[in-house]
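Each remark here refers to the structure printed beneath this line.
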Amino acid sequence: MSKTYNITALELGPMENFIHLIQDSESKRTAIVDPAWDVPSILDTAKRCNMDITDILITHSHHDHINGIEGVLEQTDAQLHILKAELDFWGQQLPKPAIHHGGDHIKLGKTDIQILHTPGHTPGSACYLLDDDILTGDTLFVYGCGKCSLAGGDPEVMYHTLQKMAAELPSNTEIFPGHNYAIRPRSSMAEQISGNPFLHLKNLPDFIHYRMDIHDHVREDPYGPETPEATQACLHDH
């Protein structure tokens, strides 16, 4: 069955952010995921591609993912969507947001978008699942994952989130991350299970030690695949 949508990725800003545009093919309704940095470029792309911007989806509320919200709302009538847990963490007064919980669905024309609550980077981090594509924000990168040392981060929670994603998402699920930190912009879940060091660590203490004390000292982007043996060797060397 052919997909009812297409996804356009724009790399914008000094932190290599991916801003994604999800367009329903029939209605042309379009959701911007994490508008930031260069609103004119986002809107120009939408206009050029005949996209009708009707929705804004937020994966989490760190500044580099939300600093374009106001600019988009000034130019469109888009509905803002956010998880309640993230809105509570953020504490921002937003103009009539649609407040969601994990498991909710958003209809974008004929395109169904499921909201997954994936805490760890922040308490209300969300991923957006469409058929066999998932937009992961800063929860899961290609061969990496988001920091847990920033405001709202929790490595124990992140461990359980990533284990759940690895167990429940089909192996052919395509990951669209929130940053261009790896050797390629997106990847399958199967490739992450085999090559992402954060998915190699099967007990909580090892994961916390690697995420909080080791990873940022031994790995630099662009991230590439690592074997489970290499991850274990790195862990034991530190």
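The values are calculated or read from the model by the stated rules, or taken from the named source; none is laboratory data. All figures in this text were calculated on a predicted structure; none of them were measured in a lab. Don't worry about glycine lacking a Cβ; one is built from the backbone with ideal geometry, like all the others, and counts go over all protein chains shown.
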| Scanning for something under 19 Å from VAL39 (Cβ atoms), surrounded by fewer than 21 Cβ atoms within 10 Å (Cβ to Cβ) and at pLDDT below 95, does the range 72-79 turn up at least one residue? | no
| note | Across (1) closer than 26 Å to ASP52 by Cβ; (2) out of contact with any Asp or Glu (no Cβ under 6 Å at 6 or more places or on another chain); (3) touching a residue at least 24 places away in the same chain (Cβ under 8 Å); (4) of a type in the set (Lys, Arg), LYS96 clears everything bar (3)
| message | Which numbered condition in (1) of a type in the set (A, V, I, L, M, F, W, C); (2) at pLDDT 95 or above; (3) farther than 26 Å from THR111 by Cα; (4) surrounded by 14 or more Cβ atoms within 10 Å (Cβ to Cβ) is the only one that LEU235 fails? | response | (2)
| task | Determine which member of the set PRO14, PRO40 is surrounded by fewer than 20 Cβ atoms within 10 Å (Cβ to Cβ), in contact with a Gly (Cβ under 9 Å, 6 or more places away or on another chain), at pLDDT 95 or above and not basic (Lys, Arg). | result | PRO40
| query | Cβ-Cβ below 8 Å, separation at least six or inter-chain, first residue in the range 154-170 and surrounded by fewer than 21 Cβ atoms within 10 Å (Cβ to Cβ), second among the polar types (S, T, N, Q) and part of a helix (DSSP H, G or I): which pairs? | reply | ALA166/GLN192
| query | On the given criteria, is THR122 over 19 Å from PRO225 (Cα atoms) and part of a helix (DSSP H, G or I)? | reply | no
| query | Scanning for something at pLDDT 95 or above, of a type in the set (Ser, Thr, Tyr) and out of contact with any Phe, Trp or Tyr (no Cβ under 9 Å at 6 or more places or on another chain), does the range 89-112 turn up at least one residue? | reply | no
| said: Just the residues that are in a helix (DSSP H, G or I), of a type in the set (A, V, I, L, M) and over 23 Å from GLN23 (Cβ atoms), please, taken from the range 70-112. | reply: ALA85, LEU87
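Can you name the residue in the range 173-226 that is of a type in the set (Ser, Thr, Tyr) and over 20 Å from SER149 (Cα atoms) and is also surrounded by the most Cβ atoms within 10 Å (Cβ to Cβ) among such residues? Even if it seems obvious, please write down each step before you answer.
Filtering the range 173-226 down to residues of a type in the set (Ser, Thr, Tyr) leaves 173, 181, 187-188, 194, 210, 223.
Narrowing further to those that are over 20 Å from SER149 (Cα atoms): 173, 187-188, 194.
On the way: THR173: 19, SER187: 22, SER188: 17, SER194: 15.
My answer is SER187.
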| request: Working only within the range 8-42, note down all residues that are without any contact (Cβ under 8 Å) to a residue 40 or more places away in the chain and either of a type in the set (Phe, Trp, Tyr) or part of a strand (DSSP E or B) (or both). | output: LEU10, LEU12, LEU21, GLN23, TRP37
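Of everything in the range 189-215, what is farther than 17 Å from VAL142 by Cβ and not β-branched (Val, Ile, Thr)? Give them in sequence order.
As a first pass, look at the range 189-215 and keep what is farther than 17 Å from VAL142 by Cβ: 201-210, 212-214.
Answer for the range 189-215, where residues must be farther than 17 Å from VAL142 by Cβ and not β-branched (Val, Ile, Thr): LEU201, LYS202, ASN203, LEU204, PRO205, ASP206, PHE207, HIS209, TYR210, MET212, ASP213.
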| request: For the range 136-144, indicate whether the set of residues that are among the acidic types (Asp, Glu), more than 23 Å from GLU11 (Cα to Cα) and modelled with pLDDT of 95 or more is non-empty. | output: no
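Report yes if GLY71 is touching a Leu at 6+ places or on another chain (Cβ under 9 Å), farther than 26 Å from LYS3 by Cβ, free of Cβ contacts under 8 Å to residues at least 40 places away in the same chain and small (Gly, Ala, Ser), otherwise no.
Yes.
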| request: May I ask you to list the residues in the range 197-238 that are in contact (Cβ under 8 Å) with a residue 40 or more places away in the chain and either hydrophobic (A, V, I, L, M, F, W, C) or touching a Gly at 6+ places or on another chain (Cβ under 7 Å) (or both)? | output: PHE198, LEU201, LEU204, PHE207, ILE208, MET212, TYR223, PRO225, GLU226
